[in-house]
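Below you'll find the structure, written out as C-alpha cells, and then a few comments.
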Amino acid sequence: MRRSRALAVAASLALAGSTADARAQSKGDDQPEFMREPIVATRRHGFTIGITTAPELVSLHGTPTAYADRSAAYELHVGPSLAPMVSGYLGYALADELSFTVALEPSLYRRDDVKISGTSFEFRIEAFPFTHLGGLWPDVGLVGRAGVGSMRVTRESTGELLASSGGNSVVGLDVIWDAGRLGHFGVGPTLGVTYRWSETYAETDVLLGLRVAFYGGKASAK
C-alpha cells in the first residue's frame, strides 16, 4: 500500500515537472519573431556630435530687468529681421530611432544701432519614428528642445541696455532630414521654431538651415 502511494506521488511530481517544462517551451515558442532578434542599428548609433547653421527670422520685445523700467515706456520691439544662427551639440544615439544630446547656442547679431547677444543651453531629444518605412522616411526626424539661457539687447553706439531677459526659458521643435549619408556622417536640411521668454523678454525664431551630424558607433548599412 505504501509502495503504491509512493509510486503515485512520484508519478504526480514527474507529470508536474513535464507540464512546467512544456509551458516554458510553449512560452518561448510563442514569443514574436522580432523580439527574438537583437536590435541592429543601420543608420545612427553611439556617440554623436553635430552642428546646425541657418539664417533665422527673429522677432522680439522686452524691457530692462530693473523694476522701475518694466513699463510700456521702456518696451523695445525688434523684428521681424534676419539673423545668423549656429548651434552645436553632442550626445548619444541609442538606436536608429532615438538620440539624447545637449546643445550650446550662442547668439550675436545687429540691426541698425541695436545689438542682440546671448547664450542658450538646451537638452535635445531626436526621434526618427519612421525607420520601418522605405524611401526617405527612415532619415526624417523630429527634435524636441528645452533649456535655459540669457539675452541682452543694447544700443551699440552708447552701450545703453535696452532690454534684458535675465535668465530665460527656451523651447523649440525642429524637423530634420539626413538627406545625404557618407559613412558615419549625415547631412541635410532642418526647419525649426524656437521660443525664449522671461518676465521681461520674449523672442520667437524661425529657421531654415543645414544640419551636419556624426555618429561614432557601428551601424550595418542596408
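Here is a yes/no grid of residues against (1) out of contact with any Phe, Trp or Tyr (no Cβ under 7 Å at 6 or more places or on another chain); (2) exposed (fewer than 14 other Cβ atoms within 10 Å of the Cβ); (3) modelled with pLDDT under 95; (4) assigned to a helix (DSSP H, G or I):
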{"residue": "Pro84", "(1), (2), (3), (4)": "no, yes, yes, no"}
{"residue": "Gly91", "(1), (2), (3), (4)": "no, no, no, no"}
{"residue": "Leu108", "(1), (2), (3), (4)": "yes, yes, yes, no"}
{"residue": "Ser117", "(1), (2), (3), (4)": "yes, no, yes, no"}
{"residue": "Gly135", "(1), (2), (3), (4)": "yes, yes, yes, no"}
{"residue": "Gly147", "(1), (2), (3), (4)": "no, no, no, no"}
{"residue": "Thr158", "(1), (2), (3), (4)": "yes, yes, yes, no"}
{"residue": "Val171", "(1), (2), (3), (4)": "no, no, no, no"}
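With respect to the stated conditions, Gly167 fails to be modelled with pLDDT of 90 or more and closer than 17 Å to Val102 by Cβ. Here Glu97 meets the list (1) touching a Phe, Trp or Tyr at 6+ places or on another chain (Cβ under 6 Å); (2) of a type in the set (Asp, Glu); (3) at pLDDT 95 or above almost entirely, failing just condition (3). Do we find a residue being in a strand (DSSP E or B) and at pLDDT below 95 anywhere in the stretch 64-75? No, because not a single residue in the stretch 64-75 is in a strand (DSSP E or B) and at pLDDT below 95.
The values are calculated or read from the model by the stated rules, or taken from the named source; none is laboratory data. Owing to the predicted nature of the structure, the values given are computational and were not obtained by experimental measurement. Glycine gets a Cβ as well: all are built from the backbone with ideal geometry, and neighbour counts include every protein chain shown.
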